[in-house]
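One structure below.
The values are calculated or read from the model by the stated rules, or taken from the named source; none is laboratory data. Just so it is clear, the model here is predicted, and its values are computed rather than measured. For neighbour counting, all protein chains shown are included, and Cβ atoms are generated from backbone atoms with ideal geometry for every residue, glycine included.
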Amino acid sequence: MEEKYCQSCGMPMGKTDELYGTEKSGSKSKDYCLYCYESGQFTANVSMDEMIEICVPHMANADSGMTAEEARKMMQQFFPMLKRWQ
């Protein structure tokens with residue numbers, strides 16, 4: 001099974017739907033996590049570069065072997081492929 005990622009912040013979504021945000025109707029979003037998307041709207045009006053800077057410390061902390069600069073570089077390559085940033 002292919003790993004799914006939030007199409008805004010790139011967070012791995014796991015095997016359940018508990019990390020997915022909600023649509024206006026209250027149903028689960030198919031694309032975005034609960035941190036990025038709530039009630040059919042993005043929770044923050046930010047640019048892709050701003051989102052990367054928000055995510056850098058989380059990614060660096062999650063992977064103790066990764067520096068902030070390595071995390072930033074990886075996200076700068078990955079984020080343009082995400083739905084929100086195309």
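Annotations
Quick grid of which residues meet (1) at pLDDT below 95; (2) closer than 24 Å to A62 by Cα; (3) hydroxyl-bearing (S, T, Y); (4) in a strand (DSSP E or B):
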| site | (1), (2), (3), (4) |
| --- | --- |
| C9 | no, yes, no, no |
| K24 | no, no, no, no |
| Y32 | no, yes, yes, yes |
| Y35 | no, yes, yes, no |
| V46 | no, yes, no, no |
| D49 | no, yes, no, no |
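- Number of positions in region 56-83 that are in a helix (DSSP H, G or I) and among the acidic types (D, E): 2
- Within region 56-83, being in contact with a Cys (Cβ under 8 Å, 6 or more places away or on another chain) and either at pLDDT below 95 or of a type in the set (K, R) (or both) holds for one residue alone: A71.
- Scanning region 1-18 for residues that are more than 19 Å from Q76 (Cα to Cα) and surrounded by fewer than 17 Cβ atoms within 10 Å (Cβ to Cβ) gives M1, E2, E3, G14, K15, T16, D17, E18.
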